[in-house]
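Asks: Got a structure for you, questions after.
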Amino acid sequence: MLRGGLILVFLSLGFLGQAKKIEVCSTCEISSIKKAVEVAKDGDVIFVKKGIYKENSIEIYKSITIYGEVGTIVDGSNKEGIFIISANNFTIRNLKIINVGISYIKEQSAIKVFKSNNFTIKNIVLANVYFGFLIEKSHFGKIINNTVSSLAKNEANSGNGIHIWHSSNVEVEGNEVFGMRDGIYFEFVTQSKIHNNFSHNNIRYGLHFMFSNNDTYYNNEFKNNGAGVAVMFSKFIKMYQNKFIHNWGSASYGLLLKEIYDAEIYNNIFQENTIGIKGEGCNRINYKNNTFLRNGWAIKIAGACYANIFEYNDFLHNSLDLSYDTKVNDNKFENNYWSEYTGYDLDKDGIGDIPYRPVKLFSYIVNRTPEALVLLRSLFVDIINFSEKVSPVFTPDDLMDINPVMKRIND
Amino acid sequence: MLKILKYSFYDLMRSRWSYVYFAFYLALGFVLLFLNNDVSKAVITLMNIIIVLTPMIGTIFGVMYYYNSKEFTELLLAQPINRNKIFMGQYLGISLSLTLSLVLGLGIPFIAYGLFKSSAIFDFSLLLVIGSFLNFIFVALSYNIALSTENKIKGFGYAILMWLFFAVIYDGIFLISLVMFDQYPLDKFSLIATMSNPIDLSRILILLKLDISALLGYTGAVFRKFFGTNLGMFLSISILVMWVVLPVIRMNFKLRKKDF
Amino acid sequence: MIDFKNLHKRFGKLTVLDGLDLAIKKGGISAILGPNGSGKTTLIKCLLGMVIPNEGEITFKDESVLKKWDYRNDLNYLPQIANFPPNLTVFELIQMVKNLRPKESNEKELIDLFGLNDSLQKKLGNLSGGTKQKVNIVLAFMFDSELLILDEPTNGLDPIALIYLKELIQKEKEKGKTILITTHIMSFVDEVADDIVFLLDGKIYFKGSIDELKKHTNIDNLEHAIANLISKQYA
């Protein structure tokens, strides 16, 4: 037992003894990161001292750690990508990387990681980059507390902030992404977590999520993105405590769900979006304890959506609560709070005594004839809504909340 | 004219109905703000009420005042004053007293609530400006109807019908034509149709500052471009002004030939 | 002083004044009489500029009154129905009318005469019909104008007020004013009028003094003489 312990200590001492720290600075023996990477061996640490390093295409195939200090800037001079990494067990942190050039052929990025396991990208600041982090076919990675930004003007010549493709078990935490095309982009990514990120003012999606199953995202805030957040063609997604705010524009939504199966959407806030949630072909999704505040449409259901359950949500002051483009309803609305509800609660059990019908005739008409929207809140529209409420003709007559709650639930 | 205005205004400001009207808005303002605690929601509710109510009250007050003061108007007509001035004075007197009821009735609770610190002050001011416009427009329209109709009952009926037309029927026809012709591009049509009804125009102007602004984009570029710009705002306000000016011009024109 | 020349007025298909010619001299009291619908009120309103004739000319003191308004400073009008803004007080109303006319007024005297001092601060909406008519009379007589037009001045007055009114009219006449009266009370005409203008079918059927009328109809009683004139219409 004792001998075994000694051997272990000895081994690790030997290992540490081998690892060395390489310093890089303009006046050092090694004055470029590329050179440092060249001389480094697995397990080595490269410390990049403050200063501006104009370098491109630094290729890394070794399990090393690179870190900088305040004032360490790697400048790509608007040319090619900067770090290209394919190695297990590497870490890159505390750097500022700027000016990655736009390319219409290659996805040039500040840090590209491919075929790597156990990587960490931490405390990196990216500014004026084309793509930010490009992760491909990699697993067990952490992308933590980074800031990614650029000055994207249109979709054609801008890249994504955190772009992950064909990977698994990645954790994206505490990042701020803005001014990119898509803030965070997931394609074929499984068993991953996205949390505590702030993705805002991106010209397309705050989060773009496709063919990625069994992922969880929570505590994120998506604000002021051109088209909001899109989650498409995925299964077993969990979304908790996210905020979808102010995605205000002609084709914007807080959250677009397209071909989503078996998702859980709990405790999120959808505030001031043109459309809070737009659902197309979504099945078996549970919406619980979400708050929909002052959206144009709180929820817009298009195409076949079956077996969705909406429970304990707050619908507050949305222009239109719900829009449905079919007469068929296979979704359940129960125990929600609707600020438009005008019923009463005589038995004082906190549940309204008459059901609430969230689909108005007007929202049905607007679906067919979008121009009709100019009549929103007109007296005539109120009158036809009322008559439809009394005897439904155009809207699904079984679509109602039988037990509307009288008070806000998720305050 | 100013003298007539002054006395019409005095007379109306002391009428029971002005108090009722004022008290109604006062109560409404307080209830909305202090029970609701949400200024922007209160502005929306107020908009719904103002857009329906101010035209209606303006219409009713206009015809009522005209027919009730008919004999007194005759006395005034025998005085050495231009008849246009008499009617313009009365018209302005009614419009101003209604506007005052509106502005004070809603303004007091909002000031008491601390509106000046709120970001909703612009929306709220817009609401009052548009409410005042609606007063002036509908008093002018109803005065036109009253001037053209000798019979009091008929005049009253026409005036109510006029209000009903602008507040409800117009939108019904508008909506039906939108739905019927939905395979055609309707942007320009709906733009023009909105502009042609002062109630619709007012509604859109307020909604633009509130919830419709993003939704409108949905209906196509023409609409968004038009209402989204300062030019659109300017044009809309000019059209509201036209809605005041044209009936007033017709009133003056009608007066030249009118027998009392 | 007043000249109506070839005056035509139609309300739709109904012809009310049909080429009426009438001249009224300065001074004296003329009663304008005629059956219902004969155009008395229309005639007066034409003079006042309230009704606009289809054809013809009206001159007052040798000047056309059509499309003008400042000539009305030289005439006072007592309308038939006294209906005032209900929320103004009597005092305010008098002030208002005074405000509208740049002229001296002697309302004080008239208010005393009709005992309106107690009502000055009352709202017009709360006054009785008779009191309103008194206010009406005050408004009509308080200015010193050459022409007075009185439309049914006796409406709703109590006997004492009626006496005062008659005195008032006499006084004005003595000052050399021209006074036009329409009324249905023949005794009142008999008492105050110098001349009678009788309208029928939109024309002047008779114009002359009361005596001339009696002679014309061979009836000594004014009321019957008038009735005789009216009956010719029904014949």
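Asks: Taking the condition of being over 18 Å from A:Met406 (Cα atoms) and surrounded by fewer than 18 Cβ atoms within 10 Å (Cβ to Cβ), how many residues in region A:284-319 meet it?
Replies: 8
Asks: Among the residues of region B:74-87, which ones are more than 7 Å from every other protein chain (Cβ to nearest Cβ) and surrounded by 20 or more Cβ atoms within 10 Å (Cβ to Cβ)?
Replies: The answer is B:Leu76, B:Ile86, B:Phe87.
Asks: I'm trying to understand the selection: among the residues of region A:113-133, which are buried (at least 24 other Cβ atoms within 10 Å of the Cβ) and either of a type outside the set (Ser, Thr, Tyr) or part of a strand (DSSP E or B) (or both)?
Replies: Hits for region A:113-133 are A:Val113, A:Phe119, A:Ile121, A:Ile124, A:Leu126, A:Val129, A:Phe131, A:Gly132, A:Phe133.
Asks: Still on this model: Which one of these does C:Gly125 not meet: (1) in a helix (DSSP H, G or I); (2) surrounded by 21 or more Cβ atoms within 10 Å (Cβ to Cβ); (3) within 14 Å of another protein chain (Cβ to nearest Cβ)?
Replies: (2)
Asks: Could we say that B:Ala27 is at pLDDT 90 or above and either more than 9 Å from every other protein chain (Cβ to nearest Cβ) or on the phi > 0 side of the Ramachandran plot (or both) here?
Replies: So B:Ala27 passes the test.
Asks: Name the single residue, out of those in region A:314-339 being in contact with a Lys or Arg (Cβ under 7 Å, 6 or more places away or on another chain) and either outside any strand (DSSP E or B) or of a type in the set (D, E, K, R) (or both), that is farthest from A:Ile260 (Cα to Cα).
Replies: Among them, the one singled out is A:His317.
Asks: Return the residues of region A:375-410 that are within 16 Å of B:Met180 (Cβ to Cβ) and either in contact with a Ser or Thr (Cβ under 7 Å, 6 or more places away or on another chain) or outside any loop (DSSP other than H, G, I, E, B) (or both); say none if nothing qualifies.
Replies: A:Leu375, A:Phe380, A:Ile384
Asks: Let me ask something additional. Sort through A:Gly350, A:Gly343 and tell me the only one that's surrounded by fewer than 22 Cβ atoms within 10 Å (Cβ to Cβ) and either within 14 Å of chain B (Cβ to nearest Cβ) or in contact with a Lys or Arg (Cβ under 9 Å, 6 or more places away or on another chain) (or both).
Replies: A:Gly350
Asks: A:Asn247: surrounded by 19 or more Cβ atoms within 10 Å (Cβ to Cβ) and at pLDDT 95 or above, yes or no?
Replies: So A:Asn247 fails the test.
Asks: Okay, next question. Can you name every residue in region B:1-31 that is closer than 23 Å to A:Asp382 by Cα and in contact (Cβ under 8 Å) with a residue 40 or more places away in the chain?
Replies: Once the filter is applied, which keeps residues that are closer than 23 Å to A:Asp382 by Cα and in contact (Cβ under 8 Å) with a residue 40 or more places away in the chain, region B:1-31 yields B:Phe24, B:Tyr25, B:Leu28, B:Gly29.
Asks: How many of the residues in region A:193-209 are assigned to a loop (DSSP other than H, G, I, E, B) and at pLDDT below 95?
Replies: Counting residues in region A:193-209 that are assigned to a loop (DSSP other than H, G, I, E, B) and at pLDDT below 95 gives 4.
Asks: Let me ask something else about it. Given the criteria among the β-branched types (Val, Ile, Thr) and out of contact with any Leu (no Cβ under 7 Å at 6 or more places or on another chain), does C:Val197 qualify?
Replies: Taking the combined requirement at face value, the residue does not satisfy it.
Asks: Same structure, new question: I'd like to verify a number: residues in region A:353-390 that are out of contact with any Asp or Glu (no Cβ under 9 Å at 6 or more places or on another chain) and away from chain B (no Cβ under 11 Å), how many?
Replies: Residues meeting the conditions: 7.
Asks: From the residues in region A:244-274 that are at the interface with another protein chain (Cβ under 9 Å from one of its Cβ atoms) and among the hydrophobic types (A, V, I, L, M, F, W, C), which one is nearest to A:Glu221 (Cα to Cα)?
Replies: A:Trp248
Asks: Show me the strands (runs of 3 or more DSSP E) found entirely inside region C:3-98 where at least 2 residues are within 12 Å of another protein chain (Cβ to nearest Cβ).
Replies: Where strands (runs of 3 or more DSSP E) fall fully within region C:3-98 and carry at least 2 residues being within 12 Å of another protein chain (Cβ to nearest Cβ), they are C:14-24, C:75-78.
Asks: Which one is farthest from the chain's Cα centre (by Cα), of the residues in region B:149-182 that are within 14 Å of chain A (Cβ to nearest Cβ) and hydroxyl-bearing (Ser, Thr, Tyr)?
Replies: This residue is B:Ser177.
Conditions tested, residue by residue: (1) modelled with pLDDT under 95; (2) within 16 Å of the chain's Cα centre (by Cα).
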position	(1), (2)
A:Tyr130	yes, no
A:Asn146	no, yes
A:Ala152	yes, no
A:Ala156	yes, no
A:Asn160	yes, yes
A:Ile164	no, yes
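Asks: Within region A:364-410, which residues are acidic (Asp, Glu) and free of Cβ contacts under 8 Å to residues at least 40 places away in the same chain?
Replies: A:Glu371, A:Asp382, A:Glu388, A:Asp397
Asks: For region C:166-209, which positions are over 21 Å from C:Thr41 (Cα atoms), part of a helix (DSSP H, G or I) and in contact (Cβ under 8 Å) with a residue 12 or more places away in the chain?
Replies: Residues satisfying the conditions are C:Lys166, C:Leu168, C:Gln170, C:Glu172, C:Lys173, C:Glu191.
Asks: Within region A:295-321, how many residues turn out to be away from chain B (no Cβ under 14 Å) and either modelled with pLDDT of 90 or more or more than 25 Å from A:Ile351 (Cβ to Cβ) (or both)?
Replies: 11
Asks: I need the full set of residues from region C:116-152 which are β-branched (Val, Ile, Thr) and in contact (Cβ under 8 Å) with a residue 24 or more places away in the chain, in order please.
Replies: Of everything in region C:116-152, those that are β-branched (Val, Ile, Thr) and in contact (Cβ under 8 Å) with a residue 24 or more places away in the chain turn out to be C:Val135, C:Ile137, C:Val138, C:Ile149.
Asks: Sticking with this one: Does A:Thr342 meet the test of being in a loop (DSSP other than H, G, I, E, B) and more than 25 Å from A:Arg408 (Cα to Cα)?
Replies: For A:Thr342, the condition - in a loop (DSSP other than H, G, I, E, B) and more than 25 Å from A:Arg408 (Cα to Cα) - is not met.
Asks: On the given criteria, is B:Phe138 away from chain A (no Cβ under 14 Å), touching a helix residue (DSSP H, G or I) at 6+ places or on another chain (Cβ under 9 Å), in a helix (DSSP H, G or I) and more than 30 Å from B:Tyr66 (Cα to Cα)?
Replies: When the stated conditions are applied, B:Phe138 does not pass them.
Asks: Right, next: Could you check, for region C:98-112, whether at least one of its residues is under 27 Å from C:Asn6 (Cβ atoms), surrounded by 21 or more Cβ atoms within 10 Å (Cβ to Cβ) and within 20 Å of the chain's Cα centre (by Cα)?
Replies: Scanning region C:98-112, I find no residue that is under 27 Å from C:Asn6 (Cβ atoms), surrounded by 21 or more Cβ atoms within 10 Å (Cβ to Cβ) and within 20 Å of the chain's Cα centre (by Cα), so the answer is no.
Asks: Say we look at region B:146-203 and pick out the residues that are among the acidic types (Asp, Glu) and not in a helix (DSSP H, G or I); which of these is modelled with the highest pLDDT?
Replies: B:Glu150
Asks: Which residues, taken from region A:48-66, are among the hydrophobic types (A, V, I, L, M, F, W, C) and surrounded by fewer than 18 Cβ atoms within 10 Å (Cβ to Cβ)?
Replies: Once the filter is applied, which keeps residues that are among the hydrophobic types (A, V, I, L, M, F, W, C) and surrounded by fewer than 18 Cβ atoms within 10 Å (Cβ to Cβ), region A:48-66 yields only A:Ile52.
Asks: Would region A:326-336 turn up any residue that is out of contact with any Pro (no Cβ under 8 Å at 6 or more places or on another chain) and within 14 Å of chain B (Cβ to nearest Cβ)?
Replies: Scanning region A:326-336 turns up no residue that is out of contact with any Pro (no Cβ under 8 Å at 6 or more places or on another chain) and within 14 Å of chain B (Cβ to nearest Cβ).
The values are calculated or read from the model by the stated rules, or taken from the named source; none is laboratory data. Keep in mind that what you see is a predicted model, and the values were worked out from it rather than measured. Every residue, glycine among them, receives a Cβ derived from its backbone with ideal geometry; neighbour counts consider all protein chains shown.
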